[in-house]
Amino acid sequence: MFPMISAMAAVLVAWALLSTLLIGLGLAVARLAGIRRLDMDQLLVAFWMGLAATIAGLQWWHFLFPVTEAIYLLLVPLAWLGFHGRVAEILGLLRGGLNSSPLAVTSIVLAAIWLANLAIGPCNSIDSGMYHLNVIRWTTDYAIVPGLGNLHVRLGSNQSGLLFSALLDTGIGRGRSHHIGNSLLLVNLVVLSICCLERWRCSNRRWTSDLFAGILLVSAIQMANHWISTFNTDPHPALALYIAAWRLLAYWEMRDEPSATRSYELLVVATMLALAVVMKLTALFYVVAASLLLVTLVVGVRRTCDRRHALIGWACAGLLLVAPWLGRGVLLTGYPLYPSTLLAAPVPWRVPSELVDAEREHIRAFARVHEWAFDPMRRASWEGWNWLGRWWSLAERDLLVPAGLVLVAGLLLPLAWRRLSSDARRSLLLLMPALVGIVCWFGTAPDQRFGFFHWWIAAGLMLSLLLSRANIAMRPGWRSSTALAVLLLAMANIKNPYQGTGEDAGFHPLPVARATPLTTDSGLQVWVPREWKLCWDAPLPCTPFFNPLLRLRRSDDLSSGFVLDPPPVRLAGPGHRPHW
């Protein structure tokens, strides 16, 4: 029992230290944006803005250097600048919350203890073993490696959230960062959701955005069930988009706030949208639709200076987050939007388009029926509409709750339409990005992992608008009942209430891969896992798919990158395109 308690305590301490660091960085960003006085919303947002600033810095850093613990020496002074002169103000906000909401504080403490227990669990994600940990090892050992996608197509997946995981995997965190990374993000979402739900229950303002953030608690629990102790990147875009939707809804409701505050909200939304897409491309459809909506909001801003500040903030977010992410895509695979072949760069390490097309086909097939696309005999199972039955049987477990909530809210909306104010009806436009995302997700790669956040954003917006704007929740009794229903729904989604003690001082250690060295035609030695396709922490370079045509750009220099030689003509056949 003591090893488990000590491991949980270590996780809680790591959360506290890293949250303080990221909040400080977020407060520094707010200071640069002209925010002079803090409120609780800005304090809750600071963690996520600090995360965005950290990932932006890591992207630029990794162009020249590997990610090491030395980066903390740069981040800590910047975080101190964020806290400088604001400690008393922050303590006042926290003291007011502790005194006014003991129920919320108790809920947060209990949730944190439970999440810390789950966080010490095993890393049971196949993708973490196949390429997430492999990417992290390349990130901590080398600056960005050109053509890394030629070694293994999944290594070309440009998911910048893994840069933050790599930072956590340095120093004393090496080998244990999977207990901290996703759990740190999830516990901060849980804290945010509980605080907003309690404020909606007790406050007289009854902002829709507070209830929306509270409903996201259910999604946070679902993500914790699957990914809290893994390197999995699927929750990363969801978390960023949740914050973007929350602040976009809050901006819609602002009437009497200072112009600097409103401009900062637009900056937060733009930054979170940029952060979501650089963390994983599955957020692209929502980000494009939300960006168009955001442009219309900025065009409607009356004051020219507010519009100018918003545009400057967006330009900075794009320059610091999206621009290096596109550059990283070109270096890793030769394609800025990999696995799309659009805008292919004429670089010598570009992954052959046949491999990119095959990877995209595999993603589509696996998203529909969880089968490999490499077997032509099974192609009929994911083509046409034959896949719908199999798909629903796989997606039902995780999509049933948000899809059911969307259906219920959709049925109630016509009944409550007359009670909705004109402003509430206009705010339904905020559903557009989620609905566009659902349609595009279903038409491309409808695995629940790639689009569950669209459903939760739609469900949260529709329910919160109905309950907050249709006079259903005017009385405190109704609000308390609604908050209790959200908490009960979240608790009903708990799948693993307890995690036992692991073998590594209370932690569950990473699996160990047994790999065999094989030699390519060029004399390069690569390690290939013996057990299925999981490299885990095998020596570099490791790939589950051995290709004899692989070679280094410079002999005996892994940092120079990888290329694939064209296959011999005898393999391709006369009149046929080379096949890798």
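The values are calculated or read from the model by the stated rules, or taken from the named source; none is laboratory data. Everything quoted here is computed from the prediction, not taken from an experiment. Note that each Cβ is placed from the backbone with ideal geometry, even for glycine, and that neighbours are counted across all protein chains shown. Just the protein is used for accessible areas: all its heavy atoms, side chains included, with ligands, DNA and RNA removed. Shrake-Rupley method; radii C 1.70, N 1.55, O 1.52, S 1.80 Å.
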remark   = A correct Karplus calculation of ³J(HN,Hα) over the range 179-185, with 6.51 cos²θ - 1.76 cosθ + 1.60, θ = phi - 60°, whole Hz and x for Gly and Pro, returns 7, 10, x, 5, 5, 4, 5
message = Quick check: at a probe of 1.4 Å, how many percent of the accessible area of the range 513-569 sits on carbon and sulfur atoms?
response = 50 percent
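Can you tell me the dipole magnitude for the chain around its Cα centre, using point charges on the Cβ only (Lys, Arg +1; Asp, Glu -1), in Debye to the nearest 20?
Values: 47 positive and 34 negative charges, 314 e Å.
My answer is approximately 1500 debye.
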query = In the full protein assembly as shown, how much of VAL278 is accessible to a 1.4 Å probe, in Å² to the nearest 10?
reply = 0 Å²
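Counting pairs of alpha carbon atoms under 8 Å apart in space and at least six apart in sequence, what relative contact order in percent does the chain give? Mind dumping the intermediate values first?
Numbers: 930 pairs, mean separation 111.2, N = 580.
Relative contact order comes out at 19 percent.
Take the alpha carbon gyration tensor of the range 513-569, find the square roots of its eigenvalues, order them as a ≥ b ≥ c, and report rounded if a/c is under 1.5; if not, report prolate when a/b exceeds b/c, else oblate. Don't skip to the end; give the middle numbers.
Working: a/c = 2.43, a/b = 1.50, b/c = 1.62.
It is oblate, given that a/c is not under 1.5 and a/b is not larger than b/c.
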message = Order ASP557, ASP357 by their accessible area, 1.4 angstrom probe, all chains in place, largest first.
response = ASP357, ASP557
ask   = Along the range 276-289, what does the Karplus equation 6.51 cos²θ - 1.76 cosθ + 1.60 (θ = phi - 60°) give for ³J(HN,Hα), rounded to whole Hz, x for Gly and Pro?
value = 4, 6, 6, 6, 6, 5, 4, 7, 4, 5, 5, 5, 5, 5
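Carbon and sulfur: what percent of the range 1-146's accessible surface (1.4 Å probe)? Each step should come with its number before you reach the end.
Working: 4760 of 6270 Å².
Carbon-and-sulfur percentage of accessible area, whole number: 76.
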key: Solvent-accessible heavy-atom area per residue, rounded to whole Å², over the range 513-569 at 1.4 Å   = 51 Å²
task = Of the options THR170, VAL356, ILE55, report the single residue whose Cα projects farthest towards the positive end of the charge dipole of the chain (beta-carbon charges: Lys, Arg +1; Asp, Glu -1).
result = ILE55
Nearest-10 value in Å² for the accessible area of MET40, using the 1.4 Å probe = 50 Å²
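Would you kindly state how much longer the chain becomes between ARG36 and ARG530 on full extension, computed as 0.36 nm times their sequence separation minus their alpha carbon distance, in nm to one decimal?
Values: separation 494, 0.36 × 494 = 177.84 nm, distance 5.77 nm.
Roughly 172.1 nm would be gained on extension.
Before rounding to the nearest 500, sum -39500 (n - 2.57) across all DSSP H runs of length at least 4 in the chain and divide by the residue total; then give [θ] at 222 nm in deg cm²/dmol.
Numbers: 22 runs with 350 residues, N = 580.
-20000 deg cm²/dmol, from helical runs alone.
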message = Order GLU89, GLU396 by their accessible area, 1.4 angstrom probe, all chains in place, largest first.
response = GLU396, GLU89
query = What list of ³J(HN,Hα) values in whole Hz, one per residue of the range 147-159 in order, does the Karplus curve 6.51 cos²θ - 1.76 cosθ + 1.60 (θ = phi - 60°) give from phi, with Gly and Pro shown as x?
reply = x, 4, x, 6, 5, 7, 4, 5, 5, x, 5, 8, 10
remark   = Contact order relative to length for the range 1-133, counting C-alpha pairs under 8 Å separated by 6 or more residues, stands in percent at 35 percent
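Might you tell me the accessible area per residue for the range 153-291, computed with a 1.4 Å probe and given in Å²? Let's see the in-between values first.
Working: 2890 Å² over 139 residues.
Value for the range 153-291: 21 Å² per residue.
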ask   = Label-point separation (nm) for ARG418 and SER353, each offset 7 Å from Cα along Cα-to-Cβ?
value = 6.0 nm
task = Between HIS362 and ALA323, with labels modelled 7 Å along Cα→Cβ, what's the label distance in nm to one decimal, could you check?
result = 3.4 nm
